[in-house]
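A.B. asks: Questions regarding the structure given below will be posed in turn.
The values are calculated or read from the model by the stated rules, or taken from the named source; none is laboratory data. What you see is a predicted model; the values in this text were computed from it and never measured. Every residue, glycine as well, gets a Cβ built from its backbone with ideal geometry; the counts of neighbours run over all protein chains shown.
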Amino acid sequence: MSTHGPSGILGMIAQLQDLERFKEQHWEGSFEDYLEIVRQRPDVTRNAWQRLYDLVLSFGSESYTEYRKPIIRYKFFDDPFDNGKDAVFGIDVHLMKLVNVLKSAALSFGPEKRVLLLHGPVGSAKSTIVRLFKKAVEWYSRQPDGALYTFEWHLPDGQVVPSPMHEEPLRLIPPEMRTQVVEELNKQVAAKAKYKIEVDGDLDPVSRFLFREGLKQVGGDWTQLITRIRVKRILLSERDRVGIGTFQPKDEKNQDSTELTGDINYRKIAELGSDSDPRAFNFDGEFCVANRGIIEFVEMLKLDVAFLYDLLGASQEHVIKPKKFAQTHIDEVIIGHTNEPEYRKLQSNDFMEALRDRTIKIDVPYITRWSQEARIYSRDFKRRVKKHIAPHTLEMAAMWAVLTRLEDPKKPNLTVLQKMKLYDGKTLPGFTEDNVKELRKTAIREGMEGISPRYVQDKISNALVRDADAPSLNAFMVLNELESGLKNHSLINDEEKKKRYRDLLGIVKKEYEDIVKNEVQKAIASDESAIQRLCGNYIDSVKAYTQKERVKNPFTGAYEEPDERLMRSVEEKIDIPPARKDDFRRELMNYIGALALDGKQFNYKMNDRLYKALELKMFEDQKDSIKLSSLVSQVIDPETQAKIDIVKQRLIDNFGYDDSSATDVLNFVASIFARGDAKESG
Ligand SMILES: Nc1ncnc2c1ncn2[C@@H]1O[C@H](COP(=O)(O)OP(=O)(O)O)[C@@H](O)[C@H]1O
Ligand SMILES: [Mg+2]
């Protein structure tokens, strides 16, 4: 037994902890030590934009083509930090634009002086993207590659005063010598550095004050002053309010700009006896907190105009100007987001006027690719929910969500469902890739309107809870929930739109019906040995027919005419008209003959059309013997039940159902057939 108690948990923790790493993350040293670090790894001096860009790149990327254009998918957006929890799917083109802006900012081409504004409809992953950035910035500061440093003052009287904004230690180099010193540093690191070392801006007011006072005390000798400095590595953390800030406007009357830039501490003024002593200032404004990292502006356009100047100064000049206080340099990525309705409302507003050319707007639309949308829900629900989710359930919800976002096609020969499938990469006769690209181009508002993933997520959750006793969740539960939720959807009060969304649910239900009908048919027909037998009989007849021979009856040994009825009943399943039957049979025999010459034997799976025809024929034969429609009547004889159980087992084994969802789907398809039977006989 472990010496660390019965459970061994302490022992386990002892094993897991990484003391080396801890030591590295809590490194401390002199200014001179730090200079050595810079010489070895000049990247420690990168600014906030450079760090963010490198961080995104560090996870690698892959490229693919879409409409003949190369698209880069940055793996960063798979959320490697949290097991995919905040992964962003399906909008690679827009993420690519975002990364290009980061790149250009990292190279100091201008965007580093702007506010990034993510703009899109409600629930389009804007917050998710920013959350991912913030999480990543925290993580990166803990990695050897992402290390960054700050300093604190150790004053002769024993006081320790940290740089209140976690500033870069190189700012301690006196401004009048900086150019020369930094130039020399750059010379020394030229071979290693990805970016040129640059030391922008002044020290924060507290350090400036201590610098000035200290220099007096040591008779102007900077080399002596600098011995008061301890350089330390910093670990950024939103929770600890280091390097990561979030600003969320509260109600409009209550906004106070000190929340952004910090405030004078009146108690300290009394202590220090002067209101110009920078130590009487609280550097706890969000901009101060976020220095060296990233600040998020939630719903940026709800910001009071009073904040505008702070925001513009912060982005354009990299300084904040606290009220009644010295201006202070900052180094941080400023990223805001806004919902598209809000943006449109404010387009002609003064606030926007001032903001427009200082922001870089990045569109973050909804996903318009069905399979990508489905990834959201399978991430959210497949892994985390214990209950079985029937096949197609989440896919159908995603299909509807995407359909609500598409404009009706203007071409008369194209339905919105077909268009959706084209967008998802399916092919349709008569439509080339260029046509699809054209379709997308002409629908400019697509992806900016429609149902948000959040609505769908909420309704799936509701369905899970509502039918808590149901052993599995199926598509109808979800589609019904989506439908009933429309009644009191807070964002859609337009009746016409609601009707359209309902109609689209109808389209989805119909599509679902087709899918499961097909699956049940396949399950009924997928008795391999029976299909093989059927295929054998068919081929025997075809062979005899094409060679004008007779077929030997395996039971009686008598020679009989080829079984025309059997052949036609197979061929009709794939719409081969009587006039084409000879060609079809001859082609088939030629194919089989060619195979035989190669020493190969024909197998029905080699010919897709024949395979399909045989399956449908099998289904037809089996359907009657299985009497699926009797499921609806509840009274089933044991023999039928046994057959149904076999089909059910196939649904489970081959199509991903569990027992209860297979029963559901069989009942559903049975009801369709019962309807169909009634129609036929009626
Ligand atoms: N493209 C997408 N990829 C992955 N998840 C998405 C995507 N779009 C929306 N979501 C999901 O929808 C929900 C709402 O996203 P959120 O970031 O809060 O939206 P916004 O801030 O734009 O209103 C989140 O659960 C998010 O993961
Ligand atoms: Mg949001």
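A.B. asks: Only one of (1) β-branched (Val, Ile, Thr); (2) touching a Phe, Trp or Tyr at 6+ places or on another chain (Cβ under 9 Å); (3) at pLDDT 85 or above; (4) farther than 19 Å from GLY123 by Cα fails for VAL305. Which number is that?
C.D. replies: (3)
A.B. asks: Name the single residue, out of those in the range 309-320 being touching a helix residue (DSSP H, G or I) at 6+ places or on another chain (Cβ under 6 Å) and under 27 Å from TYR266 (Cα atoms), that is surrounded by the most Cβ atoms within 10 Å (Cβ to Cβ).
C.D. replies: Only one residue tops the list, namely ILE320.
Per-residue answers, yes or no, for (1) of a type in the set (A, V, I, L, M); (2) not in a helix (DSSP H, G or I):
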position: GLU483; (1), (2): no, no
position: LEU486; (1), (2): yes, no
position: ASN493; (1), (2): no, yes
position: LYS499; (1), (2): no, no
position: ARG502; (1), (2): no, no
position: SER541; (1), (2): no, no
position: LYS548; (1), (2): no, yes
position: PHE555; (1), (2): no, yes
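A.B. asks: Taking the criterion of being at pLDDT 95 or above and within 36 Å of the chain's Cα centre (by Cα), would at least one residue in the range 171-181 satisfy it?
C.D. replies: No, because not a single residue in the range 171-181 is at pLDDT 95 or above and within 36 Å of the chain's Cα centre (by Cα).
A.B. asks: Could you check the range 606-682 for helices (runs of 4 or more DSSP H) lying wholly inside it with 2 or more residues that are modelled with pLDDT of 90 or more and either among the polar types (S, T, N, Q) or closer than 30 Å to LYS382 by Cα (or both)?
C.D. replies: Numbers: elements: 608-626, 630-633, 638-655, 659-681.
Helices (runs of 4 or more DSSP H) meeting the threshold: 638-655, 659-681.
A.B. asks: Counting only residues that are away from ligand 2 (no atom under 16 Å from the Cβ), of a type outside the set (D, E, K, R) and crowded, with 19+ Cβ neighbours inside 10 Å, which one in the range 330-346 is farthest from ASP54 (Cα to Cα)? Don't jump to the end; show me each part of the working.
C.D. replies: Taking the range 330-346 as the starting set, the residues that turn out to be away from ligand 2 (no atom under 16 Å from the Cβ) are 330-334, 344-346.
Now restrict to residues that are of a type outside the set (D, E, K, R): 330, 333-334, 346.
Adding the requirement that they be crowded, with 19+ Cβ neighbours inside 10 Å leaves 330, 333-334.
Numbers: ILE330: 20, VAL333: 13, ILE334: 17 Å.
The residue in question is ILE330.
A.B. asks: If a residue has to be more than 16 Å from ligand 2 (Cβ to nearest atom), farther than 16 Å from GLY450 by Cβ and in contact (Cβ under 8 Å) with a residue 40 or more places away in the chain to count, how many in the range 362-379 make the cut?
C.D. replies: 3
A.B. asks: Further question: Could you please give the count of residues in the range 85-131 that are within 11 Å of ligand 2 (Cβ to nearest atom), in contact (Cβ under 8 Å) with a residue 60 or more places away in the chain and not polar (S, T, N, Q)? Walk me through it before giving the result.
C.D. replies: Pass one, the range 85-131, residues within 11 Å of ligand 2 (Cβ to nearest atom): 118, 120-131.
From the residues that got through so far, the ones that are in contact (Cβ under 8 Å) with a residue 60 or more places away in the chain too are 118, 120-127, 129-130.
Those still in the list that are not polar (S, T, N, Q) too: 118, 120-123, 125-126, 129-130.
The total comes to 9.
A.B. asks: Could you tell me how many of the residues in the range 557-576 are part of a loop (DSSP other than H, G, I, E, B), of a type in the set (D, E, K, R) and touching a strand residue (DSSP E or B) at 6+ places or on another chain (Cβ under 9 Å)? Step through it out loud before you land on a result.
C.D. replies: So in the range 557-576, the residues part of a loop (DSSP other than H, G, I, E, B) come out as 557-558, 561-563, 575-576.
Narrowing the set further to residues that are of a type in the set (D, E, K, R) leaves 561, 563, 575.
Going one step further and asking which of them are touching a strand residue (DSSP E or B) at 6+ places or on another chain (Cβ under 9 Å), we end up with 561, 563.
Here the count works out to 2.
A.B. asks: Then there is this: Report those strands (runs of 3 or more DSSP E) wholly inside the range 59-132 carrying at least 1 residues which are within 15 Å of ligand 1 (Cβ to nearest atom) and over 17 Å from ARG375 (Cα atoms).
C.D. replies: Working: elements: 61-66, 69-74, 115-120.
Once the strands (runs of 3 or more DSSP E) in the range 59-132 are filtered for at least 1 residues that are within 15 Å of ligand 1 (Cβ to nearest atom) and over 17 Å from ARG375 (Cα atoms), what remains is 69-74, 115-120.
A.B. asks: As an exercise: evaluate PRO409 against (1) under 24 Å from LYS134 (Cα atoms); (2) touching a Lys or Arg at 6+ places or on another chain (Cβ under 6 Å) and give the number of the one condition it does not meet.
C.D. replies: With respect to (1) under 24 Å from LYS134 (Cα atoms); (2) touching a Lys or Arg at 6+ places or on another chain (Cβ under 6 Å), PRO409 is out only on (1).
A.B. asks: For a quick check of your reading of the model, give me the residue pairs whose first member lies in the range 195-213 and is outside any loop (DSSP other than H, G, I, E, B), whose second is of a type outside the set (A, V, I, L, M, F, W, C), with beta-carbon atoms closer than 6 Å and at least 6 apart or on different chains.
C.D. replies: If the second residue must be of a type outside the set (A, V, I, L, M, F, W, C), the pairs left are PRO205/PRO278; VAL206/PRO164; VAL206/PRO278; VAL206/ARG279; SER207/SER163; PHE209/PRO278.
A.B. asks: Yes or no: the range 276-293 includes at least one residue that is within 16 Å of ligand 2 (Cβ to nearest atom), modelled with pLDDT of 85 or more and within 18 Å of LYS113 (Cα to Cα).
C.D. replies: The initial filter retains those residues of the range 276-293 that are within 16 Å of ligand 2 (Cβ to nearest atom), namely none.
No - not one qualifying residue is present in the range 276-293.
A.B. asks: Right, something else. Can TYR34 be described as assigned to a helix (DSSP H, G or I), touching a strand residue (DSSP E or B) at 6+ places or on another chain (Cβ under 8 Å) and surrounded by 13 or more Cβ atoms within 10 Å (Cβ to Cβ)? If you could, list the steps in order and put the result at the bottom.
C.D. replies: Values: assigned to a helix (DSSP H, G or I): yes; touching a strand residue (DSSP E or B) at 6+ places or on another chain (Cβ under 8 Å): yes; surrounded by 13 or more Cβ atoms within 10 Å (Cβ to Cβ): yes.
Yes, satisfied.
A.B. asks: Right, another one. Looking at GLU564, GLU587, GLU571, can you tell me which residue is buried (at least 17 other Cβ atoms within 10 Å of the Cβ) and either modelled with pLDDT of 90 or more or out of contact with any Lys or Arg (no Cβ under 6 Å at 6 or more places or on another chain) (or both)? Lay out the reasoning, then the answer.
C.D. replies: On the way: GLU564 fails: buried (at least 17 other Cβ atoms within 10 Å of the Cβ); GLU587 fails: buried (at least 17 other Cβ atoms within 10 Å of the Cβ).
One residue alone meets the criteria, GLU571.
A.B. asks: Consider only pairs whose beta carbons are under 9 Å apart and that are at least six residues apart or on different chains; among these, list those whose first residue lies in the range 649-672 and is free of Cβ contacts under 8 Å to residues at least 12 places away in the same chain and farther than 15 Å from THR393 by Cα and whose second residue is of a type in the set (Asp, Glu) and not in a helix (DSSP H, G or I).
C.D. replies: ILE652/ASP658
A.B. asks: Read through the list (1) out of contact with any Pro (no Cβ under 7 Å at 6 or more places or on another chain); (2) within 16 Å of ligand 1 (Cβ to nearest atom), then give the number of the only condition that VAL44 fails.
C.D. replies: (2)
Okay, residues lined up against (1) within 16 Å of ligand 1 (Cβ to nearest atom); (2) assigned to a helix (DSSP H, G or I); (3) of a type outside the set (Phe, Trp, Tyr); (4) out of contact with any Pro (no Cβ under 7 Å at 6 or more places or on another chain):
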{"position": "ILE335", "(1), (2), (3), (4)": "yes, no, yes, yes"}
{"position": "TYR343", "(1), (2), (3), (4)": "yes, yes, no, yes"}
{"position": "SER348", "(1), (2), (3), (4)": "no, no, yes, yes"}
{"position": "ALA354", "(1), (2), (3), (4)": "no, yes, yes, yes"}
{"position": "THR368", "(1), (2), (3), (4)": "yes, no, yes, yes"}
{"position": "GLN372", "(1), (2), (3), (4)": "yes, yes, yes, yes"}
{"position": "ARG379", "(1), (2), (3), (4)": "yes, yes, yes, yes"}
{"position": "LYS386", "(1), (2), (3), (4)": "no, no, yes, yes"}
{"position": "PRO391", "(1), (2), (3), (4)": "no, no, yes, yes"}
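A.B. asks: Please state which one of PHE297, PHE351 is in contact (Cβ under 8 Å) with a residue 24 or more places away in the chain, more than 19 Å from PRO164 (Cα to Cα) and over 29 Å from the mean Cα position of the chain (by Cα). Can you show your working first?
C.D. replies: Numbers: PHE297 fails: over 29 Å from the mean Cα position of the chain (by Cα).
One residue alone meets the criteria, PHE351.
A.B. asks: ASP458: in contact (Cβ under 8 Å) with a residue 24 or more places away in the chain, over 17 Å from VAL508 (Cβ atoms) and among the charged types (D, E, K, R), yes or no?
C.D. replies: It is true that ASP458 is in contact (Cβ under 8 Å) with a residue 24 or more places away in the chain, over 17 Å from VAL508 (Cβ atoms) and among the charged types (D, E, K, R).
A.B. asks: Residues in the range 243-256: is at least one surrounded by fewer than 21 Cβ atoms within 10 Å (Cβ to Cβ), assigned to a loop (DSSP other than H, G, I, E, B) and modelled with pLDDT of 85 or more?
C.D. replies: First, the residues of the range 243-256 that are surrounded by fewer than 21 Cβ atoms within 10 Å (Cβ to Cβ): 246, 248-256.
Within this subset, residues satisfying the condition of being assigned to a loop (DSSP other than H, G, I, E, B) are 248-251, 255-256.
Of the ones still in play, those that are also modelled with pLDDT of 85 or more are 248.
The answer is yes, given that some residue of the range 243-256 is surrounded by fewer than 21 Cβ atoms within 10 Å (Cβ to Cβ), assigned to a loop (DSSP other than H, G, I, E, B) and modelled with pLDDT of 85 or more.
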